[in-house]
Amino acid sequence: MLNYAIRRLVLAIPTLLLISLVIFLVIDLAPGSPMSQVPLTVPPEVRAKIRESLGLDAPIYVRYFKWLGQFFITEPAYAIDHIFGTNWADGRQRILSYQSRSPVIDIIWQRLPQTLLVVGLSYVLAVVIAIPIGIISAYRQYSWIDQTGTFVSMIGFSVPTFFTGTVLIWIFATKLGWLPSVYNTAMVVDSWATFWSRVSQMVMPVTVLTLFNASQISRYMRASMIDNLGQDYVRTARAKGLPERTVVLTHVFRNSLIPVVTVVALGVPTIFAGAIITERVFGVNGLGQQLITSIFANDIPMVQTLTFVFAALILIFNLIADLIYGWLDPRIRYD
């Protein structure tokens, strides 16, 4: 398994380089320019100076290799300097946002805790809730529990998150006044009062995302469990007199996890990318909100960096899912 992981990591290097090239070209050549934000009354010589300061006057291949070097060399060097107090990155230019002229990575680190707190918590809750529901729905197929789970899952997966969020805001914030409608990112938790205020403002966005993610995962879990419950090894285990709990929760559950692991693992990168629509609805100042703001402002370095980080995370968690397969099913070999 170790050799397989090393091979996959080595193969991931050219894959990431190709992905970075595609992302850079697609975003850089897309319609729109940061210069569109500059008023038309600005003299041409000033506009030329602005283009030069943003690096837009250089050829596209020069800008690509510069961005690549900044991402893989300069930013890690700055991180090492920050941790160990060295000065490897002295004089190196970092990836700067066109909007704020601040380093892109610093902005990402500032926004990441909010995204992990809201989107990450909702995803963990979704997995914890969806797996037991999927097991019970499959084991008691067509019962009232299964019918209820199917109905709620269809609603949760079919109804857009912006509609669910708007309905919750209308009920619990506007009509009842129980919960705040806007997420206060600047709140400092330093007492029980502020702690419960933070929890109250997290309830609605976390509920919306948990319902959406749990609906999808529970359907995969149910379908996989039903498929495995009809297999010959289940009948053999029951014929040997094994307890039903052992048959279902040990043998069937473990084999049923393989397709679910794929869904869960490939969904983890979305935590770091942020929930664009939900963050927009509730005003969560996370990475999803930052991405949509950067797109509207033609902040090319921010969009390129966020998109590339998301693509890299997909590759990483895809590898993690493949390694978990071998642990769940000993028949899988990585020769």
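The values are calculated or read from the model by the stated rules, or taken from the named source; none is laboratory data. Here the structure is a predicted model, which means the values were calculated and not measured. Counting neighbours? That spans all protein chains shown, and the Cβs are built from the backbone with ideal geometry, glycine included.
One residue stands out in segment 191-214 among those that are over 21 Å from residue 280 (Cβ atoms) and surrounded by 15 or more Cβ atoms within 10 Å (Cβ to Cβ): the one that is modelled with the lowest pLDDT, namely 197. Give the residues of segment 161-183 that are under 28 Å from residue 110 (Cα atoms), touching a helix residue (DSSP H, G or I) at 6+ places or on another chain (Cβ under 6 Å) and in a loop (DSSP other than H, G, I, E, B), sorted by residue number. 179, 180, 181, 183, listed by residue number.
Counting only helices (runs of 4 or more DSSP H) wholly contained in segment 234-314, the ones carrying 2 or more residues that are over 11 Å from the mean Cα position of the chain (by Cα) and surrounded by 20 or more Cβ atoms within 10 Å (Cβ to Cβ) occupy 253-267, 276-282, 287-296. Criterion applied to 46, 104, 62 was being outside the structural domain of residue 229 (by TED's automatic domain parsing), of a type in the set (A, V, I, L, M, F, W, C), under 28 Å from residue 23 (Cβ atoms) and out of contact with any helix residue (DSSP H, G or I) (no Cβ under 9 Å at 6 or more places or on another chain), and the one residue passing it is 62. The set of residues in segment 5-44 being within 21 Å of residue 296 (Cα to Cα) and at pLDDT 80 or above consists of 22, 23, 24, 25, 26, 27. Taking first residues from segment 72-87 that are on the phi < 0 side of the Ramachandran plot and partners that are among the small types (Gly, Ala, Ser), the Cβ contacts under 7 Å between residues at least 6 apart in sequence or on separate chains come to 74/89; 77/89; 78/89; 81/89. Do we find that residue 259 is closer than 25 Å to residue 326 by Cα, touching a helix residue (DSSP H, G or I) at 6+ places or on another chain (Cβ under 9 Å) and either modelled with pLDDT under 80 or not assigned by TED's automatic domain parsing to the domain that holds residue 159 (or both) in this structure? In short, no.
Within segment 96-152, the set of residues being on the phi > 0 side of the Ramachandran plot and among the basic types (Lys, Arg) comprises 101 only.
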